[in-house]
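To start, the structure itself, in structure tokens.
The values are calculated or read from the model by the stated rules, or taken from the named source; none is laboratory data. Keep in mind that what you see is a predicted model, and the values were worked out from it rather than measured. Because the Cβ atoms are built from the backbone with ideal geometry, glycine has one as well, and the counts that use them run over all protein chains shown. Heads up: the accessible areas ignore ligands, DNA and RNA and are worked out on the full protein's heavy atoms, side chains in. Shrake-Rupley method; radii C 1.70, N 1.55, O 1.52, S 1.80 Å.
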Amino acid sequence: GGIITQTPKFLIGQEGQKLTLKCQQNFNHDTMYWYRQDSGKGLRLIYYSITENDLQKGDLSEGYDASREKKSSFSLTVTSAQKNEMAVFLCASSRTANSDYTFGSGTRLLVI
Amino acid sequence: GDSVTQTEGLVTLTEGLPVMLNCTYQTIYSNPFLFWYVQHLNESPRLLLKSFTDNKRTEHQGFHATLHKSSSSFHLQKSSAQLSDSALYYCALLGNNRIFFGDGTQLVVKP
């Protein structure tokens, strides 16, 4: 089996700050995803990467950047944190772009 | 475009009663691939079951679902709810290189 590791688990930032979230997987999966989960709003796709040198915008990419540094890692940057923002960011990976996902345990963000 | 609709935001029922969570979808693909994910409190979503075969019942961990292409539905069912089934359930559809998730249904099972 494998694992998806997200760091940090908790992130407290200040308004306007640039914040970076990291995700590592050892499944040797091709495809990786970043989702945002807000209470009552389900899972919204921010960015995804089909293969190592690919980057695709999701439904909620404004205000974010992403980087697929290598096959096993996928980072997400909040370019300017919004005051009172509170959400969970979930990283996921899949064997191919047409496979089911495995999710990481999430990064909980609070902006003060 | 591709989308998933879960009509119930919250379902509350008593332990021992049957569970049915609704899911319908829209897609351009003639052979849709549907999923149910479950997310317990303070955990991440995990795959519960999946199907791409029309009219075939898929089962896992006491839950079952049948993909009906004629009605574009993939409802999740269980014959008898347990307290431990309380969780957030997402129906999802495989689209073009990504999965589309519904908004989720929160299931609360009471004693």
Looking only at segment A:92-112, and only at residues there that are open to solvent by less than 60 Å² (accessible area, probe 1.4 Å) and of a type in the set (A, V, I, L, M, F, W, C), the one that is farthest from the other protein chains (Cβ to nearest Cβ): A:Val111
Set B:Gly16, B:Gly9: member being within 12 Å of chain A (Cβ to nearest Cβ) and touching a Ser or Thr at 6+ places or on another chain (Cβ under 9 Å): B:Gly9
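Can you tell me how many residues within segment B:87-111 are in contact with a helix residue (DSSP H, G or I) (Cβ under 9 Å, 6 or more places away or on another chain) and either open to solvent by less than 20 Å² (accessible area, probe 1.4 Å) or in a strand (DSSP E or B) (or both)?
Looking only at segment B:87-111, we keep the residues that are in contact with a helix residue (DSSP H, G or I) (Cβ under 9 Å, 6 or more places away or on another chain), and these are B:107, B:109-111.
Subset that is either open to solvent by less than 20 Å² (accessible area, probe 1.4 Å) or in a strand (DSSP E or B) (or both): B:107, B:109-110.
Count: 3.
A quick yes/no check of all residues on (1) free of Cβ contacts under 8 Å to residues at least 12 places away in the same chain; (2) surrounded by fewer than 18 Cβ atoms within 10 Å (Cβ to Cβ); (3) within 11 Å of another protein chain (Cβ to nearest Cβ):
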| site | (1), (2), (3) |
| --- | --- |
| A:Thr20 | no, yes, no |
| A:Cys23 | no, no, no |
| A:Asp30 | no, yes, yes |
| A:Tyr35 | no, no, yes |
| A:Leu45 | no, no, yes |
| A:Thr51 | no, yes, yes |
| A:Ser67 | no, yes, no |
Tabulated pairs, segment B:52-66, first open to solvent by less than 80 Å² (accessible area, probe 1.4 Å), second at pLDDT 95 or above and part of a loop (DSSP other than H, G, I, E, B), C-beta under 6 angstrom, 6+ apart or interchain: B:Asp54/B:Lys69; B:Ala65/B:Phe74
Per-region count, segment B:1-48, residues surrounded by fewer than 19 Cβ atoms within 10 Å (Cβ to Cβ), among the aliphatic types (A, V, I, L, M) and touching a Phe, Trp or Tyr at 6+ places or on another chain (Cβ under 8 Å): 1
Residue check, A:Phe89 at the interface with chain B (Cβ under 9 Å from one of its Cβ atoms), on the phi < 0 side of the Ramachandran plot and either open to solvent by less than 30 Å² (accessible area, probe 1.4 Å) or acidic (Asp, Glu) (or both): no
Members of segment A:69-86 found to be surrounded by 19 or more Cβ atoms within 10 Å (Cβ to Cβ) and among the aliphatic types (A, V, I, L, M), listed by number: A:Leu76, A:Val78, A:Ala81
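Listed residues B:Ser71, B:Ser84; which is at pLDDT 95 or above, part of a loop (DSSP other than H, G, I, E, B) and either within 11 Å of chain A (Cβ to nearest Cβ) or surrounded by fewer than 14 Cβ atoms within 10 Å (Cβ to Cβ) (or both)? Walk me through it before giving the result.
Numbers: B:Ser84 fails: part of a loop (DSSP other than H, G, I, E, B).
That would be B:Ser71, the only listed residue that is at pLDDT 95 or above, part of a loop (DSSP other than H, G, I, E, B) and either within 11 Å of chain A (Cβ to nearest Cβ) or surrounded by fewer than 14 Cβ atoms within 10 Å (Cβ to Cβ) (or both).
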